[in-house]
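Remarks on the structure that follows.
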Amino acid sequence: MRRYIYKSLFICLFSGTLLTLGSCKKFLDKEPATDVDPTSFYRNFYNFQGFTEELYNCIPVMDKREYNNMWNWGEEEVNSPNGKNELLARMDRGDFWISTGYFLDGPHNSGGDRWNHFLWSSSWYGIRKANQGLANLSKLTNATQEEKDLIAGQLYFFRAWFHFELACYWGGMPYIDTELAPDVTPQLPRLKWQEMADKIAADFKKAADLLPVKWDDTEAGKATSGYNELRINKIMAMAYLGKTYLYAGSPLMNKVSKGAATYDLDYTKKAAEAFGDVLKMVENNQTQYKLVNFSQYSEILRTNGQNGKMPGLTEAIFRGPAYNGPDGTAWSLDKQYLCARILFDRSWSLYPSANYANYFGMANGLPINNDNSSSTADAESGYDPQYPWKNRDPRFYLTYAFDTQRMVLGNLGANEGWRYANLATYGGTDEERRWSYRVPETGSPTGYLLIKFDPVGFNKFDNQFVSHHIHIPWMRLADIYLMYAEAVAIGYGSPSSSSTSFAGYTALDAVDRIRERATVGKFAPKFRTSTAAFMPELQRERAVELAWEGHRFHDLRRWLLWDKYPYNIKTAIEFDRAEKVNFNKVDPKANKVLNIRDVVIIDRKYTDKHYWLPIKRTDVNIYPGFPQNPGW
C-alpha cells in the first residue's frame, strides 16, 4: 500500500515539517538544545523533499471524504426522496451554502485521514507551504541541479494547482506568490479570472520546464524507483497548463473577465498548443501514459480483489493520495449507489437521472435522437423507444442497470422477487409493488440504477466487495483528448483543424480516438462539417466519457449552460412492459416497453449567482478587498 499513500523514504523528516507548520502534536519532551534547526529542512534534497511531501497530503479526496459523498453536481444524479436534506438535494434547491460544510471547506489537517482534507482550507495551506519552500530554495546548496529542479518544479506546480482549483469553484482569487508572515493579514485584491489564469499558467510553465516525464529515469528518483507513480511530473504540468488556458478562454471566464459571453480565441489557441504538446508525446510513446483497453475500462476508477491496488492504470494523469483506500471505499461509496431498501439496508441512496442516461447514444455513434428524449424514435440512429436499451453505446452498459437486469447472483431465500431490477412504473398488484425497485421514498425515483462503481454482485446478498477501491483521478488522459478537441475546434475554427504543436492531428482525430477505444462509431458526417455542428456532439461525448468523475459541474458552468434548459432539469422515465416478463429468460437489452416518457422530477431554479459557490462569511470579513461572490 505504501506506494499509493506516500509513506516515502522521507517520512521522518516529513513529520518534522509538520511540526513547524502547526499540523501535529509536539515531539516527546526534550531539552531546549535539541530543537530542530528550521534551516535543516532545506539543507539537502532528502530533507527538502520531506518538506515538499506534505503538499501531496493537501490534495483533497472528492470520492470518500465522508460517509456519504456527493461530488457530481451537474444533472447526473438524484437523491431518493428521503434524502431530501442531503447535500445534493439542497444544492438542487439552490442552497449552495451547504457546500461550505462539505469537502470544499473545513479545518485542514495534513495527516492520512480522509476526513480532514478540504479544498478551501487545504489549498490556502498548500499555497503558503509552496511559497515557503520557494522562498528557501537558495538554502538548498547540498544538491545537484537535477535535485534542485525537482524540488522547485513540485513547488511551482502545487502553487498553481491550488490556485486553479480555488478559481474553478469560487472565481478569481488573490494570487499569492510570496511567503506571507503568519501574523500579517494580506490586503491583496481578488483578480479577474483571466488575470489569475495568467499567473497560474506561468507557474505551470515553470514546473513543466523543471520536471521530468518520469521520476524513475532521474538519479534522485531511483531511490524510490517503482514508487514515483503519483509524483508531479512534466506531463501533469503541461496538461494543467492546457486546462488553465481552456478554462480561461471559456465563455463564463471570458464574461467575468471581459464582459463577452463567448470563447476567447487567444486562450483557446494556447490551450490547443499545450494539449498538443502532451498528445504528441503520448501518441509517439514518449510517456508512461496511454489509453487503456476497453476491457480494462472500469479499472480507471475502481479495482476489486487486488489487495487494495489503486485504480488508474496508464490513464490516470493526476491523483491525490488514496486516504484510507479500500476501507474508505467500503464505508463511503459501496452503499450509497445501491438501491437503498433492497440491495443494502440503507434509508436513502443516489440514483442516475434519466436525462443523463439519454446522453449515452447508440453503438453506431449517433445520439439516440435530436431532442435527447426517451420517447422519440429516430430512424437514422436506430433508436426505438419500444426497445430503449438495445444497441446502445457500450459505455451505457458499464454505467447503468435498467429494467429486468439481474442484480443478485446468489441465494435470496424468501426474497427471490428482488433478483431482477424491477424498474417499470410503480403500481400494479400488491405482489408487483412488493418486488418493485421503485418503491416510493427509498427506491429509484428515476428508473435507473448506477453500476459504474458498484457492478452486479455488489450487494448485501452476494457481498462481492473484496478490497474494493474507488479512487477518481482529478485528470485522466481521455479528458486531455477531449479538451484538445474543444480547444482546437474553437481556437482554429474547424474540427478539421489541428494545433501547430501537433500538426495534422485534428480535433476529430482526438475525439474519434476516444470513440474508437469505447468501440463506438466515430462522429457522423453531419457533426464534422463545422465547429457549430461539432461542439454539441463533443459536449455530449464529454458527458458520456467522463460521467460521474466530477467534471460536469464545471463544464456546464464554463459553457454558460448551468441555468439553461434542459441542463437545469432532472428527469425520470416512466413506462409499462409490453407483456408479462419471464425474468429468467428475458434479455434486458431486448425488453419491450410501452408508453415510455420523460417526467421532470427536479427543476433547478438557478440564476447568475449560482455560477459560483459562496465564500464562508468569516473569510470575506477578513479585509475589505476580499468581497463575497455576487448574490451571496
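A cut-off of 5 Å between modelled amide H atoms, ignoring neighbours fewer than 5 places along the same chain, links residue 575 with 425. When both segment 362-414 and segment 135-177 are represented by their alpha-carbon centers, they are found 47 Å apart.
Close amide-amide hydrogen proximity is noted between residue 383 and 378, each under 5 Å apart and 5 or more residues distant or on a separate chain (H modeled in the peptide plane; Pro and chain starts excluded).
Computed over the chain, the per-residue total of -39500 (n - 2.57) for DSSP H runs of n ≥ 4 gives a 222 nm mean residue ellipticity of -10000 deg cm²/dmol, rounded to 500. Rounded to the nearest Hz, the phi-derived 3J(HN,Hα) couplings of segment 57-74 under the Karplus curve 6.51 cos²θ - 1.76 cosθ + 1.60 (θ = phi - 60°) are 7, 8, 6, x, 10, 8, 9, 7, 7, 10, 5, 10, 10, 10, 10, 10, 10, x, where x marks glycine and proline. In a fully extended conformation the segment linking residue 217 and residue 286 would gain 23.6 nm over its present Cα-Cα distance, using 0.36 nm per residue.
Taking the Cα centre of the chain as origin and assigning +1 to Lys and Arg Cβ atoms and -1 to Asp and Glu Cβ atoms, the resulting dipole is close to 200 debye.
The spread of Cα positions in segment 498-549, taken along each principal axis and listed from longest to shortest, comes to 33, 22, 19 Å. Sequence-ordered 3J(HN,Hα) estimates for segment 145-162 from the Karplus curve with 6.51, -1.76 and 1.60 and θ = phi - 60° stand at 4, 4, 5, 4, 5, 4, 5, 4, x, 5, 5, 5, 4, 5, 4, 5, 5, 5 Hz, glycine and proline given as x. Under 13 Å from a point 7 Å along the Cα-to-Cβ line of residue 595: which residues of segment 426-455 have their amide N that close? Correct set: 426-429.
In segment 448-508, the alpha-carbon atoms span a convex hull of 143 Å³ per residue.
Taking the Cβ-Cβ separation of residue 414 and residue 579 as r and a Förster radius of 25 Å, what is the calculated FRET efficiency to the nearest 0.05? Taking R0 as 25 Å, the efficiency between residue 414 and residue 579 is 0.40.
A convex hull fitted around the alpha carbon atoms of the chain yields 152 Å³ per residue. A dipole drawn for segment 285-396 from +1 and -1 charges on Cβ atoms has a positive end, and of 350, 396, 311 the residue lying farthest that way is 311. Taking amide H atoms as placed 1.01 Å from N in the peptide plane, the amide H of residue 172 lies under 5 Å from those of 193, each 5 or more residues away in sequence or on another chain. Here the 3J(HN,Hα) profile of segment 615-623, calculated from phi with Karplus coefficients 6.51, -1.76 and 1.60 at θ = phi - 60°, is 9, 3, 4, 4, 7, 6, 8, 5, 7 Hz, Gly and Pro shown as x.
Just so you know, all these numbers are worked out from the coordinates, no wet-lab data involved. In this text, all values refer to a predicted model and were calculated from it rather than measured experimentally. With ideal geometry, Cβ positions are generated from the backbone for all residues, glycine too; neighbour counts draw on all protein chains shown.
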